[in-house]
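Working notes, beginning with the structure itself.
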Amino acid sequence: QVQLVESGGGLVQPGGSLTLSCAASGSIFRIYTMGWYRQPPGKQREWVAGITRDGSTSYVDSVKGRFTISRDNAMNLMYLQMNSLKPEDTAVYFCKAGVQRHDFEAQNDYWGQGTQVTVSS
């Protein structure tokens with residue numbers, strides 16, 4: 001089994017910063033593309049940022065220049081540094097990873113349970 005656990009969420013004032021972490025554990029042979037998603041109150045879940053195993057990154061336009069995604073392949077960790085936060089960034093943030101559990105298996109997608117980020121004065 002594979003578990004993804006997010007941490008680092010909380011309440012922050014507009015203009016502030018937070019860093020989210022996602023830790024993967026369990027039966028893991030290799031982790032491929034990882035990503036952050038968010039679900040604002042009353043809205044659909046949306047993709048925020050992604051990072052390939054070799055470190056190539058991509059972002060939704062609304063967070064470009066403010067958020068930075070990174071990963072540590074040796075430790076099976078992923079991060080999301082969020083700066084200049086806005087009230088519209090308020091959401092539950094989820095991590096997702098494409099995980100190959102054994103070298104003879106195809107990869108499957110796994111999700112974390114989410115962490116709440118609230119941007120408010």
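Net charge near Val119, counting Lys/Arg +1 and Asp/Glu -1 over other residues with Cβ under 13 Å of its Cβ?
Summing Lys/Arg as +1 and Asp/Glu as -1 gives +1.
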For this session: Jot down the per residue volume, in cubic angstrom and as a whole number, of the convex hull over the alpha-carbon atoms of the stretch 41-108.
Result: 113 Å³
Seminar exercise, completed: For the pair Ser56 and Trp111, the simple spin-label estimate (label points 7 Å beyond Cα toward Cβ) gives in nm 2.6 nm
Problem set entry | Virtual paramagnetic centre 7 Å along Cα→Cβ of Ser120, amide N under 16 Å, in the stretch 36-61 | 40-43
Exercise. Bin by bin, in steps of 5 Å, what percent of the Cα pairs in the chain do you find, going until the bin that has the longest distance?
Worked result: 2, 12, 23, 24, 18, 10, 6, 2, 1, 0, 0
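Any read-out appearing in this document is the output of simple, stated calculations on the displayed coordinates, not a laboratory observation. This one's a predicted model, so the numbers in the text were calculated from it and none came from an experiment. All Cβ positions, glycine included, derive from the backbone under ideal geometry; neighbour counts span all protein chains shown.
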